[in-house]
Structure formats: structure tokens, C-alpha cells
Amino acid sequence: MLVRIGEFQAAVGQGDALHQFLLSLTDYIKGSSGCLAYEVLRQSDDSQAFVVIERWASQADHQASVAGFPVADMQAAMSLFAAPPTGRYYQAD
């Protein structure tokens, strides 16, 4: 199993909107082939910072899910981000 941890920083004043956007992805991501889990966490001491933890059968499954997400929807959400999101893959035993 593969774990993908993504980090997101909201633009000033956009913490609630970014939180809602990340939550709105739940059905799409959980419905993607190979997705085992999707969780959005808001940092307790910085309401503008988020971590998304995803569990996947493979990296290819995650990448296929990202590639299939509507580009226009992602572009519409870009104003919510203070900086481009970052993320890494981790191997789970």
C-alpha cells in the first residue's frame, strides 16, 4: 500500500474555502480506482494549513486519479492556495 501526504496552505482569508474545496474532493477521490482512504486534516494552530492523507493501492492509481480530475475545476480553485501544494509518497507496510 502507498500513502500520499499532501500539504496545502490557504491564501490569506481563504482557509474555510480551501477546507471546503478539499472536502468536496472526497467522493471523487474515494471513487477512484485503487483509492483506499482519503482524509483532510486542518492544522490545530494554523487554520490556513492543511494535510491530506490518501491511501492508494499504487502510485499509478493516484496519478490516474489526478489526471482524470477536471482541469477547469482545479484552475478555479487555484486562487484558494497561497502556494502550489506539495506532496510525497510513502510506502506503508
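Identify all residues within region 5-60 that are crowded, with 17+ Cβ neighbours inside 10 Å, among the hydroxyl-bearing types (Ser, Thr, Tyr) and touching a residue at least 24 places away in the same chain (Cβ under 8 Å); write none if there are none.
32
Here's the yes/no breakdown for (1) of a type in the set (Lys, Arg); (2) within 30 Å of residue 13 (Cα to Cα); (3) touching an Asp or Glu at 6+ places or on another chain (Cβ under 8 Å):
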| site | (1), (2), (3) |
| --- | --- |
| 26 | no, yes, no |
| 31 | no, no, no |
| 42 | yes, yes, no |
| 57 | no, no, no |
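Pairs needed: first member in region 69-87, under 21 Å from residue 56 (Cβ atoms); second member anywhere, in a strand (DSSP E or B) and of a type in the set (Gly, Ala, Ser); C-beta distance under 6 Å; at least 6 residues apart or different chains.
85/6; 87/6
Could you say which residue among 93, 73, 61 is outside any loop (DSSP other than H, G, I, E, B), at pLDDT below 95 and at negative phi?
73 is the lone residue from the list that is outside any loop (DSSP other than H, G, I, E, B), at pLDDT below 95 and at negative phi.
Would you check if residue 53 is on the phi < 0 side of the Ramachandran plot, β-branched (Val, Ile, Thr), under 11 Å from the mean Cα position of the chain (by Cα) and in a helix (DSSP H, G or I)?
No: the conditions fail for residue 53.
The values are calculated or read from the model by the stated rules, or taken from the named source; none is laboratory data. Note that the coordinates shown come from a computational prediction; the quantities given were computed from them, not determined experimentally. So basically every Cβ, Gly included, is an ideal-geometry build from the backbone, and we count neighbours across all protein chains shown.
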